[in-house]
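Chemist: One structure coming up, written as structure tokens, with questions to follow.
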Amino acid sequence: MSDSGSPAKIPVITIDGPSGSGKGTISLRLARQLGLHFLDSGALYRVLALAARQANIDLQDEAALAALAGELDVSFPAGDACEGKIMLSGQDVSRDIRSETCGNDASRVAALRSVRSALLDRQRSFRQPPGLVADGRDMGTVVFPDALVKVFLTASPEERANRRYNQLKEKGISANLESLVNEVAERDHRDSTRALSPLRPADDAHILDTSHLDIEQSLDRVLAWVAPALKL
């Protein structure tokens, strides 16, 4: 491999933050606009859980799950016609991994230390030319500590719960806003105090509160940090 293709020479933009901060949409839009690869790290755990079910692997079999994690054939196309698409072994599993069952399975496998270790290597394998935009909770602190630009998005628990409430309403799913606010606050506490890869901004991260910003405004702010670093 040439020096320009070595991992240290490949630029990475990390966008971390809690659920509902807008990081998923902004990361994908940024990757598409810049022509970079895209990694939705949180979806990897859901994909792993789905792949394990398909392969009839017990979700308590840590060794088998870690082995599977190391060989997952997963990709996140960033083209205009592929927004939000997640591929597993050439098959579109975007809808499958968003089920409640898959989410619960993902939570179980994510608690296993060897699985997290195996997926750490898998996440880093997405660092390929011409560059990568990585979306998650520990991209800038654990996975890519040498990232060219690190961004941490946040928003008030009330605003993030309201965004989730509107998403559910659009899908025809009933929800209680007060309950969602409580769930968001509880998840924030859980994520920020866990022993493995706690949710927190990297020391050198740009922090952006998106509570009163729409997607376009948030994307413009992020681009203002990224463009100079990439010499655009």
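Chemist: Please go through segment 63-107 and pick out each residue that is among the small types (Gly, Ala, Ser), outside any loop (DSSP other than H, G, I, E, B) and modelled with pLDDT under 75.
Modeler: Ala81, Gly103
Chemist: Filter segment 178-200 for residues that are more than 19 Å from Glu159 (Cα to Cα) and of a type in the set (Ser, Thr, Tyr); which is surrounded by the most Cβ atoms within 10 Å (Cβ to Cβ)?
Modeler: Ranking the candidates gives Ser197 first.
Chemist: Identify all residues within segment 201-231 that are in a helix (DSSP H, G or I), surrounded by 12 or more Cβ atoms within 10 Å (Cβ to Cβ) and not polar (S, T, N, Q); write none if there are none.
Modeler: Of everything in segment 201-231, those that are in a helix (DSSP H, G or I), surrounded by 12 or more Cβ atoms within 10 Å (Cβ to Cβ) and not polar (S, T, N, Q) turn out to be Ile215, Leu219, Arg221, Val222, Leu223, Trp225, Val226, Ala227, Ala229, Leu230.
Chemist: Turning to a different aspect of this structure: Suppose the filter is modelled with pLDDT under 95 and in a helix (DSSP H, G or I); does Val115 pass it?
Modeler: Yes: the conditions hold for Val115.
Chemist: From Leu44, Leu59, Leu48, grab the single residue that is part of a helix (DSSP H, G or I), of a type in the set (A, V, I, L, M, F, W, C) and farther than 19 Å from Gly140 by Cβ.
Modeler: Testing whether each residue is part of a helix (DSSP H, G or I), of a type in the set (A, V, I, L, M, F, W, C) and farther than 19 Å from Gly140 by Cβ leaves just Leu48.
The values are calculated or read from the model by the stated rules, or taken from the named source; none is laboratory data. None of these values were measured; they are calculated from a predicted model. All Cβ positions, glycine included, derive from the backbone under ideal geometry; neighbour counts span all protein chains shown.
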